[in-house]
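Shown next, in C-alpha cells, is the structure this report addresses.
Just so you know, all these numbers are worked out from the coordinates, no wet-lab data involved. What you see is a predicted model, and the numbers here were worked out from it, not measured in a lab. Positions of Cβ are backbone-derived with ideal geometry, glycine not excepted, and every protein chain shown enters the neighbour counts.
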Amino acid sequence: MTVTALPTSGARAKPSSTEIVASGIRRRYAAERRFKMYGIAAVIFGLTFLVILFSSIISKGYTSFLQSAFRLEVFLDPAIIDPSGKREENTLLMADYSALATDALIKALKIDPKVRGDERAAGALLSQNADVELRDYVLRNPGEIGKTVNVWVLAHANADSVMKNAFDREIPEARRKLSDKQLAWIDRAAAEGLLKLRFNTGLFTYGASSQPETAGVGVALIGSFFMMMTVLLLAVPLGVMAAVYLEEFAPRNRLTDLIEVNINNLAAVPSIVFGILGLAIFINLFGLPRSASLVGGLVLALMTLPTVIIATRAAIGAVPPSIREAALGVGASKMQAVTHHVLPLAFPGILTGTIIGIAKALGETAPLLMIGMVAFVVEVPKTPLEPATALPVQIYMWATAAERGFVERTSGATIILLAFLAMMNIIAVILRRRFERRW
Amino acid sequence: MPNGLLILCIALLGVVGWLLGVMRARASVKGQLAKLHSRPHYYGASALLWTVLPATAVVLAWLVAEPIVISNAVYKSLPESVQAESTAVQTLTMGTIDAVAHGLRFLTPTEISDARAGKANMVEMLQSKGIALAAAPRPYMINAALLQNTMADASRQMVTVGGLALALLGLAIGYLRINPARRARNGVERVMLIGIAAASTVAILTTAGIVLSMLFETLHFFSHVAPMDFFFGTVWDPRFSAAGRAGGAEGQFGLLPLLWGTTYISIVALSVAVPVGLFSAVYMSEYASKTVRTIVKPLLEILAGIPTIVYGFFALVTFGPFVRDLGASIGLGISATSVLTAGFIMGVMLIPFVSSLSDDIINAVPQSLRDGSYGLGATKSETIKRVVLPAALPGIVGAVLLAASRAIGETMIVVLAAGIAANLTLNMFEPVTTITVKIVSQLTGDLEFNSPQTLVAFALGLTLFVCTLALNVYALYIVRKYREQYE
C-alpha cells in the first residue's frame, strides 16, 4: 500500500527509483519513530500523573499522623472540681476543667497571669477539647483529685500547624491567627520539650468534630467495617449462587439471556443510581433508618453483585469440563459435581474477584451520599442500625470543610483509605499467584 | 418472642431435624448404608428443609402483612372527622399514635386510665420515661394506640406459636417421610436448584427496582412541572423548598444547562482519555517488551483502582488551584472549579479504562492481518495505522462509548471540581454543573417527598439511567459483534 503514496509520474528529469525509495524510507522511518514516541509519551503521561497524585496526597497528609500535645502538670484542684467533696458524678461532669488546663499551661510557660489578655491568649493554644480530656481522666481516676498529675493535653490546631512548620509567620500580626507573643510561647514550649509532636491515635478513634485536632475517622472506620460485612454476607453468597446457576444449570432461553444482559448492564450503571434506588426502596418503602450502615451495606451489596457474578462465572468457566465429566462418570449428580469439585477448584478465582469487588465498594461515595451518610456522627456506632459514616464519605465531608487544618486530615484519611485498598488488592494478587492453576 | 429469636429457634429446630433425620436414616437400614438411596446427610437435609422452609416463609409473610393489617384496623377505628382530613394531617396523626403506642408500654395500667380520663398529663408522664411527644394526644389517639398495642401483642403471640408449631409439624413430616427407598438427594437438589435460580433473578429485580422507583417519583414530579419545561427549559433555578406549603415554591427546572455541563465535561474528559489511552494501548500491545508490559500495565491500572473521591479531592486542593495560578500567570481568568479541571481529572481516571479495553480489542485482531501487511513492506506504525486500527475500529468505538457512559455517570469528581452553578457556556475555564451534581445537591439534607425540589432528583436520575443504559447496550452490542467477527 505504500506504493500508492509514491509520485506516479514526473514530466521532468525523473529521479531514479532507488532515490525515491531512499527518500521515502527516511520519511517513513521518521514517522515510525514519531509514532512510537507518541506511545511512550502516553504511557509516561499516565505514570507521571500517578506519581504526582500519590506524592501530592502523601506530602499533604503524612503530618496528620502526628499531633502536637502539651505535657502539663495539672493540679486537680478540689476547690474547682468538687467543692462539696461528695464526688457526685454530676458535679465532676460540670466542673471547669479548661481553667485547670489553662492554669497549668500558664505555670509551665511562666506567664504572668496579671497581664491582661495573656491568660486567654495562653488558653487559646490548647485544644477546645482539652477540658473533655481532663474530665475523662478525672472520671476514670477520681482518687487523683487534689493531686498534681502529669498529662498530655492536645494543642489547638493553630499551635499544631506551627509545630508542623505549616504556619506562615510572614503575614502581618494583625491578620495572623496567632500573635507574636503566642508564637514565642510555642517556640519556648517546643524548645523545653513541653510541646511535642506525638503519634496521632485520635485520628483513628475520634468521631466527627468541628475542631480539626479532635476530628478522626473512628466512626467512619466502624461504619465502613459494618458495610463491608453486609456486602460480604449478602453479595458473595447471592453472587456465587447466581453465577453457578447461569454457568452450570441455566438453559439457554430468553429469560437467561435477559438476566445476562441485565448483569452486564448493572455493572455499568452509574453508582449514584444505586443510591437513588436505596433511598426510594430501603428508606422510603421499607422504612429503614437514614444514615445507617446497614442501608449503605445493602446498596453497596447490590452494586457489588454484578462484579462478583462476573468474576465467579469466569472462575467457574476456567475449570476444565474434564473435571465435571470425571465426577459425573463415577456417579455424582450434577449438583454434586459442582459443589464437590467445580466450586472448590474455582474458589481462588472467586475469592480474588470478591476481594476486588469489595475494594471497589469500600471506595464508593456517591450512593452513600444519597442515603444520608453525610452526617455529623460523634458517637461510635455499636450496631449497623445506628447512624454512621464511611471512610470515603468522611473524606468528602472534610474536603468541603473550610478550616485549613482539615486539608491535612482529609489527606490523612485518604492515605488510610488508599492503604486499605492497596492491602486488599495485594492480598488478591498474592492469592491469585499462590493458587493460580493452569490446566 | 422477638423476630430474631423466633427465626433462631426455627433454625435450631432445623438442626435438630437434620440430626434426627441422619439418625433415622442410619437406623432404618441398621448401618448398612449401601441400602439407602441417598447418603444419610441428604435425609437429614431433607428433614431440615421440611422444618425450616414452610415455617420461615409463613413468618416472613406474616411480618410483611402485620404492619399493614394493624395500621388499617387502627385507621378504621379513628373517628370519621379524622378520616376526612387531608393526607398530610392523617400522616401526622398516625405518627403521633405510633409514638403514643410506644410510650404506653412504659406506663402502668393506672397511669394509662388516669391519662384516658384526662386526670394526668400524658406528655409529662412520658417525658419522665425519656420519650418526647410533640403535643398532648387526644383521647381517641390514646384509644387507637391501645388498640394498636393489643393487636401487636396478639399478633406477636400468634406468629410465635404459629411459626414454632409449623416448624414442629414440618419436622414431624420430614422425619416420618424418611425411608431407605426415598430419593432424598433428588428432592434436596431440586430445592437447591430453585434457590440458585432465584438468586440469579436478583439482577432483574434490581433493574426493575431502579426503573420502577424512579419512574414512580418522576411521574409524581411531572404532576408539578410540565415535561416540556423540564426537558427543554434553559434555566435551572429550583429555589429552596418551602416546608409545609403544598406544592412548594415555584422554581424553574430546565434540564438543558445540566445536560450541556455533563456533555461538555465528558467531551473534555474523553479528549484526554481517548488519545492517551489508545496510544498507550497500542504501545503496550505492539511495541513494549514483555518486561515493560508486566511492570507498566498494572501500574497504569492503579489509576482505575483509586476511588473517585480521591481524584475529586486532588482536583479540589491541588490541580484546581494550580490551573488557576497558571492561568493567572499568563493572564487568563480560570476559576479553580471549571470544566477544564473536572474534565481533565476525569480524563486521567478514564485512561486505564480506555487502554485496557482497547488493549484486549487490539490483541484480538488476528496476527495474519499484521503479517500480510509486513509482507507488503509496511513499517510497524503503518501496519497499525492502516490495518490494525481500522480492523479494531468498531471495538474501539465500543470502548469509547463505555468510557463516555462512565464519564456521564461520574459523580464525586464533578461534585468537588466542576462547580454548582448551572451555566450554559462554551468557556472551558468557567464552572458548570452536571446532572449528577444536582442529584446530590437536591437529595442531601432535609428531604420532603412532596416538593418538586426533591422529586426533580428522581427525574434527573431516570434521565441519567436512560442515557447510560442506551450507551451501554449499544457499546456492549458493538463489542460483542466485533468479537464474533474474528472468532
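Here are the numbers for this structure:
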| quantity | calculated |
| --- | --- |
| Residue-count net charge about A:Glu403 - beta-carbon cut-off 14 Å; Lys, Arg +1, Asp, Glu -1 | 0 |
| Simple Cβ-charge dipole of the protein assembly as shown, Lys/Arg +1 and Asp/Glu -1, about Cα centre, in debye nearest 20 | 3560 debye |
| Over chain B: helical MRE at 222 nm, DSSP H runs n ≥ 4 each giving -39500 (n - 2.57), nearest 500 | -24000 deg cm²/dmol |
| Length-normalised contact order for chain A - Cα pairs under 8 Å, 6+ apart - percent | 18 percent |
| At R0 = 45 Å, FRET efficiency that the Cβ-Cβ distance of B:Ile194 and B:Val89 yields, to 0.05 | 0.45 |
| Cα shape, the stretch B:252-485, gyration tensor, a/c 1.5 rule | prolate |
| Förster-model FRET efficiency, 45 Å R0, B:Leu424 and B:Lys76, C-beta, rounded to 0.05 | 0.25 |
| Folded to 0 to 90 degrees: helix A:293-317 orientation relative to chain A principal axis, Cα | 30 degrees |
| Residues with amide H under 5 Å from that of B:Phe253, placed H, sequence gap 5 or more | B:Asp237 |
| Total charge dipole magnitude, chain A, about the Cα centre, Cβ charges on Lys, Arg, Asp, Glu only, Debye to nearest 20 | 2260 debye |
| Average beta carbon contacts from partner chains per residue of A:52-64, 10 Å cutoff | 3 |
| At least 15 Å along the helix axis (C-alpha) and Kyte average at least -0.5, DSSP helices within chain B | B:3-28, B:40-77, B:87-104, B:139-176, B:184-200, B:202-222, B:256-282, B:290-305, B:339-364, B:389-409, B:452-485 |
| Ordering of B:463-475, A:196-208, A:406-418 by packing [mean C-beta count within 10 Å, highest first] | A:406-418, B:463-475, A:196-208 |
| Average other protein chain Cβ within 10 Å of Cβ, residues A:15-27 | 0 |
| Angle in degrees between helix A:405-435 and the longest Cα principal axis of chain A, rounded to the nearest 10 | 40 degrees |
| A:Arg140 paired with A:Phe65, simple spin-label distance in nm, labels 7 Å along Cα-to-beta-carbon | 2.4 nm |
| Cβ-Cβ FRET estimate between A:Arg169 and A:Met423, R0 fixed at 41 Å, reported to 0.05 | 0.55 |
| Under 5 Å, built H, 5+ apart or other chain: amide partners of B:Asn423 | B:Thr433 |
| Long-range amide H partners of A:Leu66 with built H, under 5 Å | A:Asn200 |
| Helix-only CD estimate at 222 nm, as mean residue ellipticity for chain A, using -39500 (n - 2.57) per DSSP H run (n ≥ 4) | -19000 deg cm²/dmol |
| B:Lys35 paired with B:Met158, simple spin-label distance in nm, labels 7 Å along Cα-to-beta-carbon | 4.8 nm |
| Selection from A:Asn165, B:Pro180, B:Ala165 lying farthest towards where the dipole of the protein assembly as shown points positive, charges on Cβ | B:Pro180 |
| Distance (nanometres) between label positions extended 7 Å along Cα→Cβ at B:His102 and A:Phe249 | 4.2 nm |
| Farthest positive-ward along the stretch B:3-200 dipole, Cα basis, beta-carbon charges - from B:Met94, B:Ser155, B:Ala47 | B:Ala47 |
| Cβ crowding within 10 Å averaged over residues, with B:430-440, B:101-111 ranked highest first | B:430-440, B:101-111 |
| Net +/- balance of residues flanking A:Lys334 in space, Cβ distance below 13 Å, scoring K and R +1, D and E -1 | -1 |
| Crossing angle, helix A:97-109 versus chain A [Cα axis fit, 0-90 degrees, rounded to tens] | 80 degrees |
| Relative packing of peptides A:380-390, A:292-302, B:476-486 - highest average C-beta neighbours within 10 Å first | A:292-302, A:380-390, B:476-486 |
| Neighbouring partner chain Cβ atoms per residue of B:463-475, average, 10 Å criterion | 3 |
| Separation between Cα centres of the stretch A:288-345 and the stretch A:365-405, rounded to whole Å | 33 Å |
